[in-house]
Each structure stands twice: as structure tokens, then as C-alpha cells.
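Engineer: The structure is given below, and queries will be raised subsequently.
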Amino acid sequence: MTAEKLCANEGVFAKPMCLHRACQRADLAGTAFCVEQEQRFKRAADSNNPANR
């Protein structure tokens, strides 16, 4: 099972949260998709932090 398959039937608003929660699972956290999502999340958080400007 992958995060993408687990959340395939979710609607446009629920899908991002579903993917986030799926990637928190121990069996999915190390997948390429989840690792990439975590890196994107961290980059976005860093770019939105006023201390980093």
C-alpha cells in the first residue's frame, strides 16, 4: 500500500490531509513519496518563517 493509493478516493479538500496522515504511519514514512512530501513541507515552512528572510 502507498499513501497515494490509500488516499486515491479522497476529495480535493480531504486529500492533502489524508496524504499527510498516511505519511505519518511507520510503514509509509520512509517511502519516496512521503520523504519528498516531508522535504517540501519543511522548505515551505522555512520560506514562510520571517526569521529566515
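The values are calculated or read from the model by the stated rules, or taken from the named source; none is laboratory data. In this text, all values refer to a predicted model and were calculated from it rather than measured experimentally. Here the Cβ positions follow ideal geometry from the backbone for every residue, glycine too, while neighbour counts run over all protein chains shown.
Engineer: Is it true that some residue in the range 4-16 is exposed (fewer than 11 other Cβ atoms within 10 Å of the Cβ) and part of a helix (DSSP H, G or I)?
Structural biologist: yes
Engineer: Cβ contacts < 7 Å: first residue under 22 Å from Gly30 (Cβ atoms), restricted to the range 1-13; second residue among the hydroxyl-bearing types (Ser, Thr, Tyr), any location; separation 6+ or different chain. Result?
Structural biologist: Close Cβ pairs (under 7 Å, with a partner that is among the hydroxyl-bearing types (Ser, Thr, Tyr)) amount to Thr2/Thr31; Ala3/Thr31.
Engineer: Just to be sure I understand, how many residues within the range 17-53 are in a loop (DSSP other than H, G, I, E, B) and either of a type outside the set (A, V, I, L, M, F, W, C) or surrounded by 10 or more Cβ atoms within 10 Å (Cβ to Cβ) (or both)?
Structural biologist: 9
Engineer: All but one of (1) part of a loop (DSSP other than H, G, I, E, B); (2) modelled with pLDDT of 95 or more; (3) in contact with an Asp or Glu (Cβ under 9 Å, 6 or more places away or on another chain) hold for Met1; which doesn't?
Structural biologist: All conditions pass for Met1, except number (2).
Engineer: Tally the residues that are under 11 Å from the mean Cα position of the chain (by Cα) and of a type in the set (Asp, Glu), restricting the search to the range 25-53.
Structural biologist: Qualifying residue count for the region: 2.
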